[in-house]
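The values are calculated or read from the model by the stated rules, or taken from the named source; none is laboratory data. Bear in mind that the values here come from a model prediction, so they are computed numbers and not experimental data. Here Cβ is always computed from backbone atoms with ideal geometry, including for glycine, and neighbour counts include all displayed protein chains.
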Amino acid sequence: MATKQVSATDFAVPEQETVKPPLLVRWRPFLIALPALVILIGILYPFVVGVAYSLTAYAFTRPNTDFVGLRQYQRMVEDSNFVYSTFITLAYAVSATGVQLVLGLIVATLLNRDSRIAKVLQATLIFPMMVAPVISTLIWKMMMQPSVGILNPMLNAVGLPSLQWAAVPETALFSVVLVDVWMYTPFAALILLAGLRSFPQGPFEAARVDGASFWFTFRNLTLPMLTPFILIVVIFRFMDSLKMFDIIFAMTEGGPGSTLMTYQLTAYRTSIQFQKLAQGLPYAIVLYFVIYFVSQYLVKWWGRAQRRAAGYS
Amino acid sequence: MAEVRLDHIHKTYKGGVKAVVDLNLIINDGEFLALLGPSGCGKTSTLRMIVGLEEITSGDLFIGNRRMNDLEPSERNAALAFETYALYPPLTVHDNIAFCLRARQVPQAEIRRRVHEVAEMLEITDILGRKPAELGGGQKQRISLARALVREPDVFLMDEPLSHLDAALRAHMRVELKRLQARTGRTTVLVTHDQLEAVAMAERVAVMNFGVLQQVGTFDEIYNHPANEFVAGFIGEPPMNFLDCEPASQNGETSLRASDGSFSVKLPGELRSKLDKQTVSKLRLGIRPIDVIASHQASGNGVVEIAGQVYTYESLGEEGQLAAHVGGSEVLVVTSPDVAFERSQPVWLQLRTHRIHLFHGDTGAAL
């Protein structure tokens, strides 16, 4: 049997004369990408410069750019306050995010109904987010003022003793976390409410017919379906509160003593207030890497949770 | 197992939409009943009221002699297979089916036994470990049925269970559902807009339109003795022809004459005596397309034949479908495959007069 040999030339496209496109067309891809490149440079340049300065002994009072290796990092780790600073940074982030998540869940669940009052309350939720964080913190600070503030009389009215709030180490963390919670619980609630609203009604009606209690449905159905939204809240709030600056600074500037000296506050105080730029930078850079890796992990987890909530294994 | 009784049930939604109006219906213990009607006729609202997802505006609902109006869905022991399946997306097939048993704290061993039992009945044991999103429509549908059946409900309700399946699967599932119902012997209500489904599965059919129950009966009763013009036109495919007529007298015998004068028809005795008992001036003559015989020439054997003109003709292989203009109306005819027609040809239509249905011109009720 005769078989025809097939060769590559059988499929070759006849050669065409190539015409050079005009300059603008050739440059178009780069022009389109240009804004992104500019932004990238705006982000990358300070970062690279920051890393470079952290490898020197640069201070504003002694502008010395000699390379000193990782000495600044070593100094940071050996600092007597380093462990406490790590602890307070994490404690702030974990407690603020945790409380916001729980309260947000409760608020979202309560608002997830078709009543007029729910709609009105939902609109008022965004009020705390419309005030500049520093302003609301200063107002909270006034309210917490031990002698003239309004919070202590309110505590007394319900039979609780007065607090020294942010003025003493025992309640300082509680005070700033309280402000953070007031400010950002609505954010958590809105995201979670949006999640609840996006759910199809069918499965929840089926659960009612199946005779499942509120808790049973919440644990077995609502929570797994809500996990991607919970993780969005965690990603935003945890990242944000790890690097929280404005609330703590406006409330106590890191005090009393060094009670609230988180990484961010330490970096600011060392680099800017004490003008030792290179010595403060490692805190900021380590914080950057912590946030980077934690967010990477959370985003991956979020992707998995989303697939699972949608009904894939 | 229980009888379901709907007693003067009304459903009015916020905004005044009347979804169900004065519905009286008894679904016997162990019966398979289909609620049939076009979309928006109130059939799904009825189903949702029975299961408890929708409040009853007025009237009483009884399941097995217990008044159910104020009971939660979970207390009614009525299971619903949703049109959209409404499976629990994050749970495996096994956990979807086991959900209601777990919610009721049935012991673990019994859960396993019952889930496997129902999974075997529906042939889904091999997918018990999978998640809903990975499965096809037919499998999802079986899971939703399994979930409803595993509870051993008193009443089994299905809302358009087959509408999202492809044609072949639908035909297969029709048979399956019917067998399932026969096997379990449960009181079953099927909501559908598809008369084929209703005929294939249900023992009795309840036809609804605009929230009002039109007729209840076996399919034969409804097909052969439709209670009104709506039922007559809704049941049967292709739909029944309706022609405006008025009673006339011919040699002392009551006959029918088209309102536009295009034809007149002698009536068989039974219909004639029915017509004689009433005083109606306007009538609607209903005749099914298969009860009209079309031919190219008048047969001339004394039978009344109506002259018309071919409007369209389609050959469908084993039969043909002809639309003819008679006066101002259009008449659909199912023709035999031996004869073909051309557009605009004259055509003679002979009605099987004993198959004529007569309706009041104003009310649409059957005579």
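Scanning segment B:62-83 for residues that are without any contact (Cβ under 8 Å) to a residue 60 or more places away in the chain and facing chain A (nearest Cβ under 8 Å) yields B:72, B:73, B:74, B:75. Count of segment A:135-180 residues, restricted to those that are over 22 Å from the mean Cα position of the chain (by Cα) and among the hydroxyl-bearing types (Ser, Thr, Tyr), is 3. Does residue A:100 qualify as being assigned to a helix (DSSP H, G or I), in contact with a helix residue (DSSP H, G or I) (Cβ under 8 Å, 6 or more places away or on another chain) and not assigned by TED's automatic domain parsing to the domain that holds residue A:262? For residue A:100, the condition - assigned to a helix (DSSP H, G or I), in contact with a helix residue (DSSP H, G or I) (Cβ under 8 Å, 6 or more places away or on another chain) and not assigned by TED's automatic domain parsing to the domain that holds residue A:262 - is not met. Only residues that are touching a Leu at 6+ places or on another chain (Cβ under 6 Å) and part of a strand (DSSP E or B) were counted across segment B:214-245, and they come to 3.
Out of A:246, A:240, one residue alone is away from every other protein chain (no Cβ under 14 Å), surrounded by fewer than 18 Cβ atoms within 10 Å (Cβ to Cβ), free of Cβ contacts under 8 Å to residues at least 60 places away in the same chain and not polar (S, T, N, Q). It is A:240.
Does at least one position in segment B:344-362 carry a residue that is within 23 Å of residue B:253 (Cβ to Cβ) and of a type in the set (S, T, N, Q)? For segment B:344-362, residues within 23 Å of residue B:253 (Cβ to Cβ) and of a type in the set (S, T, N, Q): present. Please tell me if residue A:132 is exposed (fewer than 12 other Cβ atoms within 10 Å of the Cβ), assigned by TED's automatic domain parsing to the domain that holds residue A:259 and closer than 23 Å to residue A:97 by Cβ. Against the criterion (exposed (fewer than 12 other Cβ atoms within 10 Å of the Cβ), assigned by TED's automatic domain parsing to the domain that holds residue A:259 and closer than 23 Å to residue A:97 by Cβ), residue A:132 qualifies.
Conditions (1) within 30 Å of residue A:279 (Cα to Cα); (2) in the same structural domain as residue A:274 (by TED's automatic domain parsing); (3) modelled with pLDDT of 85 or more; (4) not aliphatic (A, V, I, L, M), marked per residue:
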position: A:3; (1), (2), (3), (4): no, no, no, yes
position: A:6; (1), (2), (3), (4): no, no, no, no
position: A:19; (1), (2), (3), (4): no, no, no, no
position: A:25; (1), (2), (3), (4): no, no, yes, no
position: A:40; (1), (2), (3), (4): yes, no, yes, no
position: A:49; (1), (2), (3), (4): yes, no, yes, no
position: A:63; (1), (2), (3), (4): yes, no, no, yes
position: A:70; (1), (2), (3), (4): yes, no, yes, no
position: A:84; (1), (2), (3), (4): yes, yes, yes, yes
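Scanning segment A:256-313 for residues that are surrounded by 18 or more Cβ atoms within 10 Å (Cβ to Cβ), polar (S, T, N, Q) and in a helix (DSSP H, G or I) yields A:264, A:266, A:270, A:271, A:279.
Taking segment B:132-206 as the region of interest, the helices (runs of 4 or more DSSP H) fully inside it that hold 1 or more residues being surrounded by fewer than 20 Cβ atoms within 10 Å (Cβ to Cβ), polar (S, T, N, Q) and at pLDDT below 85 are B:167-184. Got at least one residue in segment A:133-146 being in contact with a Leu (Cβ under 6 Å, 6 or more places away or on another chain) and either closer than 21 Å to residue A:243 by Cβ or in contact (Cβ under 8 Å) with a residue 24 or more places away in the chain (or both)? Looking for residues that are in contact with a Leu (Cβ under 6 Å, 6 or more places away or on another chain) and either closer than 21 Å to residue A:243 by Cβ or in contact (Cβ under 8 Å) with a residue 24 or more places away in the chain (or both), one finds at least one in segment A:133-146, hence yes. Only residues that are within 14 Å of chain B (Cβ to nearest Cβ) and crowded, with 19+ Cβ neighbours inside 10 Å were counted across segment A:187-204, and they come to 2. Could you go through segment B:135-145 and let me know if any residue there is in contact (Cβ under 8 Å) with a residue 60 or more places away in the chain, within 14 Å of chain A (Cβ to nearest Cβ) and aliphatic (A, V, I, L, M). Taking every residue of segment B:135-145 in turn, at least one turns out to be in contact (Cβ under 8 Å) with a residue 60 or more places away in the chain, within 14 Å of chain A (Cβ to nearest Cβ) and aliphatic (A, V, I, L, M).
It is to be established whether one or more residues within segment B:103-120 are outside any strand (DSSP E or B), within 13 Å of another protein chain (Cβ to nearest Cβ) and within 21 Å of residue A:225 (Cα to Cα). Yes, the conditions are met somewhere in segment B:103-120. Taking segment B:263-322 as the region of interest, the strands (runs of 3 or more DSSP E) fully inside it that hold 2 or more residues being at pLDDT below 85 and in contact with a strand residue (DSSP E or B) (Cβ under 8 Å, 6 or more places away or on another chain) are B:264-266.
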